[in-house]
Amino acid sequence: MLYQLYETQRALLAPFSEFAGASAKLYNHPLSPFAHAPMAQRVSASFDLMQRLAKDYEKPAFNITSAVVGGVTVAVQEQVAIEKPFCRLLRFKRFTDDARALTTMKSQPTVLVVAPLSGHHSTLLRDTVKSLLHDHKVFITDWTDARMVPVEAGPFHLDDYVEYVQEFIRHIGPAVHVISVCQPTVPVLAAVSLMASRGEATPRTLTMMGGPIDARRSPTAVNNLAMNKSHSWFETNVIYRVPPNYPGAGRPVYPGFLQHTGFVAMNPDRHLHSHYDYFRDLIKGDDDSAEAHRQFYDEYNAVLDMPAEYYLDTIKTVFQDFALVSGTWDVRGQRVRPQDITTGALLTIEGELDDISGAGQTKAAHDLCSGIPKSRRFHYDAEGAGHYGIFSGRRWREKVYPEVRAFIARHDRAALRKAA
């Protein structure tokens, strides 16, 4: 019923949002007589803010059309490598007529970025992909909004997530370097562990960033909620069925609008100040600051529904049973044993100010991956970085990415020397 009420509210607000947007332009357009009325800029700013607070935010596009390789600007085309009911494997294919740049691109390492299925779309990692494209061939998981997946496609469990990751790794090949950001650190480690246990080739490197490998360490507000409420509480209070106006009508999901409410509730003052600053920037005519605000919230406010089975499995496995670190997690009847990973290298990254995955939670992977020699295991603490700062923004570009790039390059060369 709550989902239906939300949809009703969204439908009622849609005309108001359109009206507010049109009114903002009416009082701001230089050819409009209303733009020269007293307080016109303030009125326009008020309507603009109302429009953004009331509008519905659709999934943004990556909009990555170029990258710089060796000082040469090359074209980038987004391609679908594999399409499955709940996820697309995207490849950002680079093209150039410059012979030197083409030679460089062919020799660069291949990276699979496993994006989180935890509320936001994979486009949240746009900055991550943009940086990686300068020095790597890049693939990324693009998870599908569960409300768009027909019930006939069946359920999607955490075990399915693990199998998706394995299929993508096999498709790309063992020369791949895998980067998992936040939530997928757990299923990615499970996927690679199972491959190692079966004697399959595993990725050259694993980079794990800000994820709940061991959520018992430095628990955050997010961890405490998951740990202090019973599994049945989540099933009763946050799972709803998709309304009839979507392809996935009837599918049980954890709705995106509930997740977004939780995101905002974690830092309400910060969001309030951000919107007020946006209002002031509009009045002052600071277009650059206003556009930066729009870009951030266009991404932040665009959320997806998660399959109920996957969400409930994650709550139980990761945050209540701690099955990965306890050594009790079975996927399709096979025990997850990270200690079976003996090849490749491991890099864990944590943000000093991360309020989603606390200090030590990602670093715990080192204790589990005891089969990887210590000489090939590394950890990096990003000073001054919050959760989003380890994969997006200035700190990612200036501090974190250089570490990731050097780590991948070093171990890619080592693997090539060994193969030769």
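The values are calculated or read from the model by the stated rules, or taken from the named source; none is laboratory data. Bear in mind that the values here come from a model prediction, so they are computed numbers and not experimental data. As a convention, Cβ positions derive from the backbone with ideal geometry for all residues, glycine included, and neighbour counts pool all protein chains shown.
Things to note:
- Positions within the range 256-270 being over 17 Å from A226 (Cβ atoms) and modelled with pLDDT of 85 or more, in sequence order: G256, F257, D269
- Of the residues examined, H29 is one that is in contact with a helix residue (DSSP H, G or I) (Cβ under 8 Å, 6 or more places away or on another chain) and without any contact (Cβ under 8 Å) to a residue 12 or more places away in the chain.
- Condition met for R270 (in a helix (DSSP H, G or I), assigned by TED's automatic domain parsing to the domain that holds G21 and within 25 Å of N223 (Cα to Cα)): yes
- When the range 32-86 is limited to residues that are within 30 Å of H171 (Cβ to Cβ) and either among the polar types (S, T, N, Q) or assigned to a helix (DSSP H, G or I) (or both), the one that is farthest from the chain's Cα centre (by Cα) turns out to be T73.
- Of the residues making up the range 154-191, those that are aliphatic (A, V, I, L, M) and in a helix (DSSP H, G or I) are L158, V162, V165, I169, I172, V186, V188, L189, A190, A191.
- Answer from R376, R397, R405 - the residue that is over 20 Å from the mean Cα position of the chain (by Cα), in the same structural domain as K106 (by TED's automatic domain parsing) and surrounded by fewer than 20 Cβ atoms within 10 Å (Cβ to Cβ): R376
This table checks each residue for (1) buried (at least 19 other Cβ atoms within 10 Å of the Cβ); (2) farther than 22 Å from S357 by Cα; (3) out of contact with any Leu (no Cβ under 9 Å at 6 or more places or on another chain).
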site	(1), (2), (3)
Y246	yes, yes, yes
Y254	yes, no, no
M266	no, no, yes
H275	no, yes, no
D288	no, yes, yes
T314	yes, no, no
L324	yes, no, no
W329	yes, no, yes
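- Within the range 306-350, the only residue that satisfies the criterion of being outside any loop (DSSP other than H, G, I, E, B), farther than 30 Å from P255 by Cα and among the basic types (K, R) is R335.
- Scanning the range 333-351 for residues that are in contact with a helix residue (DSSP H, G or I) (Cβ under 6 Å, 6 or more places away or on another chain) and among the acidic types (D, E) yields a total of 1.
- Filtered by the rule that a residue be assigned to a loop (DSSP other than H, G, I, E, B) and surrounded by fewer than 17 Cβ atoms within 10 Å (Cβ to Cβ), the range 351-373 gives E352, L353, D355, A359, G360, S370, G371, P373.
- For the range 235-259, the candidate set comprises residues that are out of contact with any Gly (no Cβ under 7 Å at 6 or more places or on another chain) and β-branched (V, I, T); within that set, the residue that is farthest from V303 (Cα to Cα) is T236.
- Test for S17: is it in contact with a helix residue (DSSP H, G or I) (Cβ under 7 Å, 6 or more places away or on another chain) and surrounded by 13 or more Cβ atoms within 10 Å (Cβ to Cβ): yes
- Verdict on F95 being at pLDDT below 95 and over 30 Å from Y310 (Cα atoms): no
- Test: residue in the range 117-138 that is in contact with a Cys (Cβ under 6 Å, 6 or more places away or on another chain), surrounded by 21 or more Cβ atoms within 10 Å (Cβ to Cβ) and of a type outside the set (V, I, T): no
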